[in-house]
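The values are calculated or read from the model by the stated rules, or taken from the named source; none is laboratory data. Just so we're clear, the structure is a prediction, and the values are computed from it rather than from any experiment. Cβ atoms come from the backbone with ideal geometry, glycine included; neighbour counts cover every protein chain shown.
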Amino acid sequence: MKSTYSYDKLFEIGKVDPKVWSSFTEHLGRSIYGGIYDPDKDFSDEHGFRKDVKKEVKDLNLGVIRYPGGNFVSNYNWKDGIGPKKDRKKTMEFAWSSIETNQFGIDDFCEWAEEVGVEPMIAVNLGTGSIRSAAELVEYCNHDHGTYWSDLRIKNGHRKPYNIKYWCLGNEMEGDWQAGHMSAEEYAKKAREAAKMMKWVDKSIKLVACGSSYEMLPTYLEWDRTIMKELYPYVDYISTHNYNMNSGQGNTDFLASWKQLDTHIKNTKNSLNFVQSLQTKYRDKQIKICLDEWNVWNFQDIKLDNLDDLNGMTTFELTSAKKWEEHPAILQEKYSLLDALTVGGLGIDILNNTDAVEIACLAQLLNVIAPITTDEKGNLLKQTIYYPFALLSKYGRGTVLQPQVSGDTQKTSYGVIPVIESATVYDEAKHQLHVFALNSDTENDATLSLNFTRLGKTSLTQHIQFTGNDLEARNTFEDPEKVVPTEATVKDANATDIVLAKGSWNVLNFD
Ligand code: AHR
């Protein structure tokens with residue numbers, strides 16, 4: 001098997017925005033409570049923030065972190081989460097059938113985000129929340145002083161405004177699992193009015209319209225067309241979500257999931273192009289995609305073999321271990337090597353869509369479908385998917401080049417696709433190249449032939465490979481480094497043909 005990728009620096013897909021390597025944390029399970037916040041423990045600081053988590057999150061060098069949901073936000077009143085903690089009330093949390101203690105809220109999140117050096121991206125409740133409450137949240141966060149909400153922030157111990165730039169207008173409003181779900185027309189009107197008011201408070205903010213995500217819904221893409229006809233002048237981004245599941249389709253098809261994501265992103269892009277083409281006045285405004293939830297999600301804690309359990313409940317109700325617990329340990333996926341290779345492929349695809357995708361949040365960050373898991377004793381575990389994500393965040397910065405590709409292909413349920421899928425990022429200032437490559441053939445090694453002659457002299461300095469004989473292997477607290485990337489020996493720095501192990505995800509660094 002051989003694939004040839006030829007490059008010229010004149011042919012580029014686009015510059016990678018730092019927000020492409022972002023994440024998401026929701027009031028769901030142990031994502032916030034037990035993940036970020038674990039007060040009165042010797043492994044937490046004086047604010048109750050876990051010190052181990054702070055260090056790992058800082059190291060990931062994330063662009064933004066989206067908060068507080070997810071489905072959670074459509075039930076959430078942000079005013080319940082501010083002020084003295086002893087006065088905060090416990091509320092019923094309907095998205096995940098849990099009890100919300102409100103011990104962590106917007107001030108806590110902004111304080112934590114500053115400590116870990118990440119910009120917050122805040123979602124407002126456009127399900128059960130009012131447009132006035134959304135504008136008041138902007139006032140609380142961004143207005144300097146002299147009004148009720150800004151002065152309340154100061155009273156709550158935060159003199160300086162947070163100046164939050166990125167705001168999401170609701171979450172997955174297309175789905176009937178969402179509290180306050182509405183039609184595209186209704187959403188467009190509510191989001192437009194919220195956008196107006198939020199921008200009246202602070203005209204510098206950037207807004208994300210809630211686009212469609214679920215390909216099985218009859219409104220998929222039609223939703224985008226309808227809402228963007230109304231919202232195009234008011235927003236800067238449209239969101240979409242995409243999760244890939246290993247539903248027993250076979251390793252090759254699962255590894256080919258990047259192709260599904262590719263089509264998904266291009267569908268959103270095409271909807272935007274369609275709306276933009278309808279109005280000449282929109283021609284100069286480029287709306288970008290905010291892929292604000294992406295990951296592999298295998299729904300491990302749902303026993304689909306016991307279909308009687310479904311009994312009329314929605315998927316999301318099923319994910320609650322027991323009803324009305326405080327931060328139950330739900331959706332704590334344990335990722336395999338195969339999942340990690342698939343995540344690596346999805347990351348490659350995000351790079352190759354860098355002309356359209358400006359923000360992308362791995363969903364989620366901690367404990368819930370996450371690269372990082374913590375336990376109650378103060379231990380932290382890097383799941384397999386942590387590694388490709390961390391490597392993408394480290395080396396996936398610069399200009400993504402558009403190669404000429406020829407080589408072997410394979411038939412998958414997503415069509416005929418290359419055996420090796422790759423993305424190359426060029427850092428012109430340092431004259432460094434970073435090639436990410438997935439060999440999705442789990443039976444045979446494959447050769448990646450790189451033609452960089454038009455880029456000047458390059459030599460291979462490092463080959464990081466993520467592979468193994470057991471695709472089902474997982475890291476555990478008992479064996480935390482069972483599945484980690486290793487360095488392959490570089491025998492010839494000038495070689496242009498590089499062998500990629502069967503079923504492997506690779507980073508090739510060139511100087
Ligand atoms: O990330 C978990 C959930 O997935 C989010 O709450 C929701 O937006 C999506 O369906």
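Listing for the model above:
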read-out: Options Leu391, Leu381: the member that is outside any strand (DSSP E or B) and either more than 16 Å from the ligand (Cβ to nearest atom) or under 30 Å from Arg50 (Cβ atoms) (or both); value: Leu391
read-out: Selection status of Asn171, more than 16 Å from the ligand (Cβ to nearest atom), assigned to a loop (DSSP other than H, G, I, E, B) and within 22 Å of Ala113 (Cβ to Cβ); value: no
read-out: Which numbered condition Asn367 misses (of (1) touching a Ser or Thr at 6+ places or on another chain (Cβ under 9 Å); (2) touching a residue at least 12 places away in the same chain (Cβ under 8 Å); (3) not assigned by TED's automatic domain parsing to the domain that holds Leu338); value: (3)
read-out: Residue in segment 216-236 that is under 30 Å from His145 (Cβ atoms) and among the polar types (S, T, N, Q) present; value: no
read-out: When residues of segment 32-47 are limited to those that are of a type in the set (Ser, Thr, Tyr) and in contact (Cβ under 8 Å) with a residue 12 or more places away in the chain, the one nearest to Phe109 (Cα to Cα); value: Tyr37
read-out: Test set (1) out of contact with any Phe, Trp or Tyr (no Cβ under 6 Å at 6 or more places or on another chain); (2) under 25 Å from Val73 (Cα atoms) - Asp40 fails condition number; value: (2)
read-out: Qualifying position, being within 16 Å of the ligand (Cβ to nearest atom) and either among the polar types (S, T, N, Q) or modelled with pLDDT under 95 (or both), among Ser212, Ser257; value: Ser212
read-out: Verdict on Ala329 being at pLDDT 85 or above, within 16 Å of the ligand (Cβ to nearest atom) and of a type outside the set (Phe, Trp, Tyr); value: yes
read-out: Residue in segment 162-174 that is more than 30 Å from Thr226 (Cα to Cα) and β-branched (Val, Ile, Thr) present; value: no
read-out: Filter pass, Ile82 being touching a Lys or Arg at 6+ places or on another chain (Cβ under 9 Å) and touching a residue at least 40 places away in the same chain (Cβ under 8 Å); value: yes
read-out: Among the residues listed as Ser3, Ser31, Ser22, the single one being within 16 Å of the ligand (Cβ to nearest atom), closer than 19 Å to Val400 by Cα and buried (at least 17 other Cβ atoms within 10 Å of the Cβ); value: Ser22
read-out: Residues (closer than 30 Å to His431 by Cα and among the aromatic types (Phe, Trp, Tyr)) located in segment 451-487; value: Phe452, Phe466
read-out: Inter-residue pairs, beta-carbon under 8 Å, first more than 23 Å from Phe254 (Cα to Cα) and in segment 398-417, second exposed (fewer than 13 other Cβ atoms within 10 Å of the Cβ) and acidic (Asp, Glu), 6+ apart; value: Gly398/Glu428; Thr399/Glu428
read-out: Residues of segment 232-252 satisfying the condition of being within 16 Å of the ligand (Cβ to nearest atom) and within 16 Å of Leu346 (Cβ to Cβ); value: Thr240, His241, Asn242, Tyr243, Asn244, Met245
read-out: Top-ranked residue in segment 271-280 [being touching a residue at least 12 places away in the same chain (Cβ under 8 Å) and not aliphatic (A, V, I, L, M); ranked as surrounded by the most Cβ atoms within 10 Å (Cβ to Cβ)]; value: Ser271
read-out: Test: residue in segment 53-75 that is under 26 Å from Ser239 (Cα atoms), more than 20 Å from the chain's Cα centre (by Cα) and surrounded by 20 or more Cβ atoms within 10 Å (Cβ to Cβ); value: yes
read-out: Test: residue in segment 399-419 that is within 16 Å of the ligand (Cβ to nearest atom) and in contact with a Phe, Trp or Tyr (Cβ under 8 Å, 6 or more places away or on another chain); value: no
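Each row is one residue, and each column tells you yes or no for (1) at pLDDT 95 or above; (2) touching a strand residue (DSSP E or B) at 6+ places or on another chain (Cβ under 6 Å).
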site	(1), (2)
Phe452	no, no
Thr458	no, yes
Ile464	yes, yes
Arg474	yes, yes
Glu481	yes, no
Val490	no, yes
Ser504	yes, yes
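One line per residue, one yes/no per condition, for (1) surrounded by 16 or more Cβ atoms within 10 Å (Cβ to Cβ); (2) under 23 Å from Gln300 (Cα atoms); (3) of a type outside the set (A, V, I, L, M, F, W, C):
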site	(1), (2), (3)
His431	no, no, yes
Ala437	yes, no, no
Asp441	yes, no, yes
Asp445	no, no, yes
Gly456	no, no, yes
Leu471	yes, yes, no
Asp479	no, yes, yes
